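Below is one structure; the comments refer to it alone.
None of the figures in this text is laboratory data; all of them are computed from the coordinates on show. As the structure is a prediction and not an experimental result, all values here were calculated from the model. Counting neighbours? That spans all protein chains shown, and the Cβs are built from the backbone with ideal geometry, glycine included.
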Amino acid sequence: MLSYDEFVGTPTPQADHYSTSNIRHRVEQALQFKAERTNSTKPNGRLSVQEVKDTCQLTRTAQELLREVYEHYQLSMRGYHKILKVSRTIADLNGHDLIEEEDIAEAVGYRLGKWE
C-alpha cells in the first residue's frame, strides 16, 4: 500500500507571494512605473476628473466591460470614476500602460462585489 505522501506526492515549497517584503517590492515597482508613466507622484485615488481622463486610458475590451458594468449597475459618475481610479492602480501594479479588461474586472470586484 502507498503512503499518503507517495499517493499525493511531496508538496513543493512555494514562495510566499503575500509576504510583507514581496508586497512592499510590488508596490514600490508600481509607484516607479506610475512615476515614469505620468511624471507625477500623486496617488490615483486623488486624481481629478480631468486627470482621470488623461491617465486612465483603456483597451477596447476594457472599455466594453466598463460600459456593461456602468449600464448594469447604473453607476453614478462618481462610482464610474472610482472604478477607473482603482483600475488604474491595479494596472500600475500589473505593469500595464493601458487599463486592461482584467484590471477593470478586479476593480469592479473590489467596488461592487460579485458581478452577476
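Below, the figures for the structure above:
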{"quantity": "Assigned charges on the beta-carbon of Lys, Arg, Asp, Glu; the chain dipole about Cα centre (debye)", "calculated": "760 debye"}
{"quantity": "Förster-model FRET efficiency, 35 Å R0, V49 and T20, C-beta, rounded to 0.05", "calculated": "0.50"}
{"quantity": "For region 45-116: Kirkwood Rh in Å [reciprocal of mean 1/r, alpha carbons]", "calculated": "11.9 Å"}
{"quantity": "Net length gained if the chain between E64 and N39 were fully extended (0.36 nm per residue, minus Cα distance)", "calculated": "6.2 nm"}
{"quantity": "Ranked L75, L84, L98, criterion: other C-beta atoms within 10 Å, fewest first", "calculated": "L98, L75, L84"}
{"quantity": "Residue-averaged [θ]222 nm for the chain, counting only DSSP H segments that reach four residues, each worth -39500 (n - 2.57)", "calculated": "-20500 deg cm²/dmol"}
{"quantity": "Ranked list, fewest to most other Cβ atoms within 10 Å of each Cβ, for T55, T20, T61", "calculated": "T20, T61, T55"}
{"quantity": "Per-residue ³J(HN,Hα) for region 93-100, Karplus 6.51 cos²θ - 1.76 cosθ + 1.60, θ = phi - 60°, Hz, x for Gly and Pro", "calculated": "4, 8, x, 9, 5, 9, 6, 9"}
{"quantity": "Set of aspartates and glutamates with alpha-carbon distance to K42 below 16 Å, sequence-local pairs under 8 removed", "calculated": "E28, E51, D54, D92"}
{"quantity": "Residue order, fewest to most beta carbons within 10 Å, for S87, S19", "calculated": "S19, S87"}
